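Enquirer: The structure is given below, and queries will be raised subsequently.
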Amino acid sequence: MKDEAGSAHLCEAIVEQMPDALIYADRQGVIRIWNGGAEQVFGFRADDAVGKSLDLIIPERLRSAHWKGFQAALDRGRTSAGRRVRTTRAVHQDGRKLYVDLSFGLVVDAGGHPLGAVAIGRDCTERFLAEKVLRDRLAELETVSRARENEPPAAGDPSSRSRPAASGDDG
């Protein structure tokens with residue numbers, strides 16, 4: 001019995017002390033576990049999140065798609081993402097929009113029937129926005145480059161001069 005109690009305590013300590021957000025929601029999408037990492041990422045204390053719907057952190061415009069995917073995962077017994085991490089939108093308690101890297105999984109009973117879903121995540125807002133600036137700049141440069149490729153060379157442009165073909169003859 002002591003080992004079982006010790007294991008249960010260790011599991012609880014790991015969940016609570018891990019730096020990433022860990023959220024478990026039952027089949028109805030009601031939050032049942034909300035660790036300290038989730039408090040840091042989303043701003044809601046566990047007392048304010050446990051017992052509430054996942055809608056608490058899902059932007060309103062994404063809720064319909066979320067619930068459709070949530071139910072589909074429960075019905076098929078697996079998530080569509082497998083073990084991949086997805087970057088998704090979320091809402092902080094203070095109303096800020098977040099980008100969060102999340103991995104999802106189903107928690108199943110001994111018979112393999114889904115009990116609910118678990119997500120582990122971290123705030124990636126700064127990285128995502130910095131990468132977006134780079135993606136936008138790259139797209140802009142690609143557009144300019146394509147436009148230049150389609151322009152006739154300007155008179156006197158040294159790049160418009162034809163280069164002699166290389167020959168195998170040195171002399």
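Enquirer: Just to be sure before I move on: is residue 117 at pLDDT below 95 and of a type in the set (Gly, Ala, Ser) in the structure I sent? Working first, answer last.
Expert: Numbers: at pLDDT below 95: no; of a type in the set (Gly, Ala, Ser): yes.
So residue 117 fails the test.
Enquirer: Within segment 126-154, which residues are of a type in the set (Gly, Ala, Ser) and either part of a helix (DSSP H, G or I) or under 20 Å from residue 88 (Cβ atoms) (or both)?
Expert: Residues satisfying the conditions are 130, 139, 145, 147.
Enquirer: Next up: Just the residues that are within 25 Å of residue 69 (Cβ to Cβ) and either acidic (Asp, Glu) or loosely packed, with under 10 Cβ neighbours inside 10 Å (or both), please, taken from segment 107-134. Walk me through how you get there before you give the answer.
Expert: Taking segment 107-134 and keeping what is within 25 Å of residue 69 (Cβ to Cβ), we get 107-109, 111-125, 127-129, 131-132.
Of everything in segment 107-134, those that are within 25 Å of residue 69 (Cβ to Cβ) and either acidic (Asp, Glu) or loosely packed, with under 10 Cβ neighbours inside 10 Å (or both) turn out to be 109, 111, 112, 123, 131.
Enquirer: Is there a residue in segment 101-120 that is polar (S, T, N, Q), in contact (Cβ under 8 Å) with a residue 40 or more places away in the chain and at negative phi?
Expert: No, segment 101-120 contains no residue that is polar (S, T, N, Q), in contact (Cβ under 8 Å) with a residue 40 or more places away in the chain and at negative phi.
Enquirer: Something else about it: Residue 45: over 20 Å from the mean Cα position of the chain (by Cα) and under 23 Å from residue 124 (Cα atoms), yes or no? Walk me through how you get there before you give the answer.
Expert: Details: over 20 Å from the mean Cα position of the chain (by Cα): yes; under 23 Å from residue 124 (Cα atoms): yes.
It is true that residue 45 is over 20 Å from the mean Cα position of the chain (by Cα) and under 23 Å from residue 124 (Cα atoms).
Enquirer: Just to be sure before I move on: is residue 102 under 18 Å from residue 125 (Cα atoms), aliphatic (A, V, I, L, M) and surrounded by 15 or more Cβ atoms within 10 Å (Cβ to Cβ) in the structure I sent?
Expert: yes
Enquirer: Let me ask something additional. Taking only pairs six or more apart or across chains, which ones have beta-carbon atoms under 7 Å, a first residue in segment 1-26 that is small (Gly, Ala, Ser), and a second residue that is loosely packed, with under 10 Cβ neighbours inside 10 Å?
Expert: Sorted first by the residue in segment 1-26, then by its partner, the list stays empty.
Enquirer: Now a separate question. Tell me which residues, restricted to segment 82-122, are more than 25 Å from residue 36 (Cα to Cα) and either within 11 Å of the chain's Cα centre (by Cα) or charged (D, E, K, R) (or both).
Expert: Selection gives 109 alone.
Enquirer: For residue 78, indicate whether it is of a type in the set (D, E, K, R), under 16 Å from residue 121 (Cβ atoms), surrounded by fewer than 18 Cβ atoms within 10 Å (Cβ to Cβ) and at pLDDT below 95. Walk me through it before giving the result.
Expert: Details: of a type in the set (D, E, K, R): yes; under 16 Å from residue 121 (Cβ atoms): no; surrounded by fewer than 18 Cβ atoms within 10 Å (Cβ to Cβ): yes; at pLDDT below 95: yes.
So residue 78 does not fit the description; no.
The values are calculated or read from the model by the stated rules, or taken from the named source; none is laboratory data. Because the structure is a prediction, the values reported are computed rather than measured. Positions of Cβ are backbone-derived with ideal geometry, glycine not excepted, and every protein chain shown enters the neighbour counts.
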